[in-house]
Amino acid sequence: MDYNFSYEFLDNNTDNTSEESGNFDLDLGEVEPCGRALSNNFNKIFLPTVYGIIFILGIIGNGLVVVVMGYQKKVKTMTDKYRLHLSVADLLFVITLPFWAVDAASTWYFGSFLCVSVHMIYTVNLYSSVLILAFISLDRYLAVVRATNSQATRKLLASRVIYVGVWLPAAVLTVPDLVFARVQNTESSNFLFSGESVETQHSRIICQRIYPQETSVIWTVVFRFQHILVGFILPGLVILICYCIIIARLSQGTKGQALKKKALKTTVILIVCFFTCWLPYCVGIFIDTLMTLNVIQSSCELGQAVEKWISITEALAYFHCCLNPILYAFLGVKFKKSARSALTVSSRSSQKVTLMTKKRGPISSVSTESESSSVLSS
């Protein structure tokens, strides 16, 4: 996780302090640069709290989507397939958050195998969930703008291309975790400025990508830019272009104005939520990367502000996996009906009859996912 990059900078300084722990007339700015311990204390409280909330909401929301999709065994549209892929990706992502919450609050207790495994699961599903959102926007573009002749293309995207365009790249991007992620025992120092008393030192186990020392900055910068490009810019452009074209198309004509207004509102919400969640975080790591490259002159105050900004906006970005079930499932009328059917404590026979009646007609016709309903139903 990106906030762990700060430990590499901290470790290089604390190694020196362990050899001179009795010399309290050292320049404390060199021992603990810019009051970094204060930032770490903030993360110990803030990150576990937010990760816990995201974990609970993400499990409930995405778990419900998976249950409902499983309940609809024979009633799956292309939209349903994307919902299922997205919820599985988000579920696997939030499952890693308790590990990072414990790591932020205390230390890494889970050993080397889980360190690599959690890093890989975290990475593959972080990228896949964002790329799936791009595929959903592309599917909606085809359904709205090219509704009459896009069925074959949409089926190909939903059933085959998604594995090559989403899951394969996301899996390939876990290779750096396999190579560099490891457990390391390091000393960290916390300085308590209470009167004249200063200090306490303790050992801490960390789980992070550890690059070769001579090329550490290069690897860090490369993977930061990779994260920004693949995890935000490329899918963000696809989402923005597709939805802007959809908005332009839905704004034309006079038929079904009420339904079109609702569709436009939903589309704008999808765009705003994506960029609100991910843009601040990507701006933060971009600025931090420029500081690492000395493109932006760093200062103590700026370093502290950027580090805290990254911690807060990272949590905001991860909150998107809690919003996905609401934005891409619960806003759809059809999904809400299916969820009520799946969760209603009634006889199995009556539920089966309902499903059988729904299987006829609307599911196979293009009109189910026409210009307006294709935007609203997912």
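The values are calculated or read from the model by the stated rules, or taken from the named source; none is laboratory data. Since the model is a prediction, treat every value here as computed from it, not as a measurement. Please note: Cβ atoms are built from the backbone with ideal geometry, for glycine as well, and neighbour counts cover all protein chains shown.
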The condition from (1) buried (at least 16 other Cβ atoms within 10 Å of the Cβ); (2) on the phi > 0 side of the Ramachandran plot that Leu57 misses is numbered (2)
By residue number, the members of region 157-174 that are at pLDDT below 90 and farther than 12 Å from His85 by Cβ are Arg160
How many residues of region 308-326 are surrounded by fewer than 19 Cβ atoms within 10 Å (Cβ to Cβ) and over 10 Å from Tyr281 (Cα atoms)? The answer is 3
Of the residues in region 24-54 that are part of a helix (DSSP H, G or I) and modelled with pLDDT under 50, the one that is surrounded by the most Cβ atoms within 10 Å (Cβ to Cβ) is Val31
Flagged in region 113-167 as surrounded by fewer than 15 Cβ atoms within 10 Å (Cβ to Cβ) and hydroxyl-bearing (Ser, Thr, Tyr), in numbering order, are Thr148, Thr153, Ser159, Tyr163
**Q.** Hey, Thr267 crowded, with 21+ Cβ neighbours inside 10 Å, at pLDDT below 90 and not acidic (Asp, Glu) or not
**A.** yes
Glu307 passes all but one of the listed conditions (1) farther than 21 Å from Ile132 by Cα; (2) out of contact with any helix residue (DSSP H, G or I) (no Cβ under 6 Å at 6 or more places or on another chain); (3) assigned to a helix (DSSP H, G or I); the exception is number (2)
Checked region 294-307 for anything surrounded by 14 or more Cβ atoms within 10 Å (Cβ to Cβ) and in contact with a Cys (Cβ under 8 Å, 6 or more places away or on another chain); matches are Gly303, Gln304
Out of (1) closer than 28 Å to Val295 by Cβ; (2) in contact with a Phe, Trp or Tyr (Cβ under 6 Å, 6 or more places away or on another chain); (3) at pLDDT 90 or above, the one Cys207 does not meet is (1)
So, first residue over 17 Å from Leu126 (Cα atoms) in region 260-288, second residue among the charged types (D, E, K, R) and not in a helix (DSSP H, G or I), Cβ within less than 9 Å, six or more apart or across chains; the pairs are Lys260/Glu371; Ala263/Glu371
When region 107-121 is checked residue by residue, the ones that are out of contact with any helix residue (DSSP H, G or I) (no Cβ under 7 Å at 6 or more places or on another chain) and either closer than 16 Å to Ala170 by Cβ or in a loop (DSSP other than H, G, I, E, B) (or both) are Thr107, Ser117
Over region 57-94, the set of residues part of a helix (DSSP H, G or I), β-branched (Val, Ile, Thr) and touching a residue at least 40 places away in the same chain (Cβ under 8 Å) is Val65, Val67, Val68, Thr79, Val94
Q.
Going residue by residue through region 146-166, is there one that turns out to be touching a residue at least 60 places away in the same chain (Cβ under 8 Å), touching a Ser or Thr at 6+ places or on another chain (Cβ under 6 Å), part of a helix (DSSP H, G or I) and hydrophobic (A, V, I, L, M, F, W, C)?
A. yes
